[in-house]
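Structure, as structure tokens:
What follows draws every value from the coordinates through simple rules; no lab data is involved. Every value quoted in this text rests on a predicted model; they were computed, and no experiment measured them. Glycine also receives a Cβ, built like all others from the backbone with ideal geometry; neighbour counts cover every protein chain displayed.
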Amino acid sequence: MESVSSSFLSPSFTLKTFPSKPFSSFTLPSLSFASTASASTSASPQQRSTPTKKRSSKPSKILPLTTPISTTTSVPSKKVLVPIGLGTEEMEAVIIIGVLRRAGADVTIASVEPQLEIEAYGGTRLVADTSISTCCDQVFDLIALPGGMPGSVRLRDCEILKQITSRHAEDKRLYGAICAAPAVTLLPWGLTRRKQITCHPAFVDKLSTFWAVKSNIQVSGELTTSRGPGTSFEFALCLVEQLFGESVAKEVAELLLMCAADEYLRKEEFNKVEWSFDRMPRVLIPIANGSEEIEIVTIVDILRRAKVDVVVASVEKTTQIVASQGTKIIAEKLITNASEEIYDLIILPGGVGGAERLQKSGILKKLLKEQEAAGRIYGAICSSPAVLHKHGLLKEKRATAHPSVISKLTNEVVNGTKVVVDGKVITSRGLATVTDFALAIVSKLFGHGRARSVAEGLVFEYPKS
């Protein structure tokens, strides 16, 4: 069985540029398949070449945040199954779901538990679309297993899911797994035989040394595997390319604001002040219908990994919200109840619809105004820096935002940087920059060492100093 490892960022994928700062070029992985449902011939893997440093100066249209990519009308919708269970890694699940739905896939989130609501690895409460038992007679183009513990064990022990996935693999259809799932779930099912696979470093000892590889992405026939939360975007885009082709994957990558590693500065800081506390910091994450689920779960997951006390509060009339790509998330509190407490930080996730609803919340506006008046920390990502701007909370502050809203900011805008910190205000571009955003918060609160330690657990590349 011919296999090929892939790192997603390679030289021939040239992104369109935004007026603020041109992208350098990078490419989707050149994938080789011995036998898949979507390809009948195999191609030789291409060697990666040195990424070009040349930057384009030609601006292009700014793509909307939420609209799925339009695929050729003659191509039927691709059906994807993403099973979840108690302890599923929420970053992996939600990034896979969000990226595939942006590509136009019909994604079914199925619970392997008796109930649809599950508590994920980091404490985020997700609500599945259906029970796994309703999927028995369906045919999927792709089954993608998120990792996490004990989530991977819960998937492994679900007999219905095992039967669905085994039949799916026998039919030579695409399937994939990330983090613990390749070793904990697929391996005991016998679905990794004679295939090179990768997984989270903590579980690599369960794999045969002959078949185990250390690449971020490994494609072996119909099976694609990956390493962890920090490689979820690459993993999901690799699956998009196999389902829809390279051109769609490129468009989705642009929507996600993915760029070559050396093109954007990771962080710029102005008017530096310490964010230190003599106790566990308390952070409020307000959410709404239309909030960007990738940003919500990534910020919450990373901050909780760093031992931050995180409160997720809904500005809606109910604690359950439907995020921008249709994922249902249950907050811990309503904003009314959350407003009775004081927070060291308030961080707004993005999403166009969500940002609009956050802006309309009078209670949240009052909290943010009090946060500024008391000299406490606040920030926003993606569309939501515009909320801070509307409330007058970015005066004389340097900031960044999603390219589609950055022109609405009248303060000093910083281009070419993923994360901008100005005193006690932190902002970021959105989506694919959210991991850097959350780790920048961890670094400010606890120091670079803590941020690097969290990044290692995520399998996310982070500077040594």
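A compact table of results
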| item | result |
| --- | --- |
| Cα gyration tensor, region 173-324 - rounded (a/c under 1.5), prolate or oblate | prolate |
| Among 398-406, 88-96, 296-304, the order from most to least packed when residues are scored by Cβ within 10 Å on average | 88-96, 296-304, 398-406 |
| Greater than 29 Å apart at Cα, pairs in Lys250/Lys424; Lys250/Lys365; Lys162/Lys195; Lys395/Lys444; Lys307/Lys390 | Lys250/Lys424; Lys250/Lys365; Lys307/Lys390 |
| Region 107-255: relative contact order in percent, alpha carbon pairs under 8 Å with at least 6 residues between | 17 |
| Alpha-carbon centroids, region 223-274 and region 305-354: separation in whole Å | 25 |
| Sequence ranges 353-361, 336-344, ranked by mean other-Cβ count within 10 angstrom, highest first | 353-361, 336-344 |
| Extension gain from Arg282 to Glu341, taking 0.36 nm per residue of separation minus the Cα-Cα distance | 20.3 nm |
| Phe210 paired with Asp309, simple spin-label distance in nm, labels 7 Å along Cα-to-beta-carbon | 5.4 |
| Anisotropy class of region 77-150 from Cα gyration tensor, a/c 1.5 cut | oblate |
| Prolate/oblate/rounded call for region 127-201, Cα gyration tensor, a/c under 1.5 rounded | oblate |
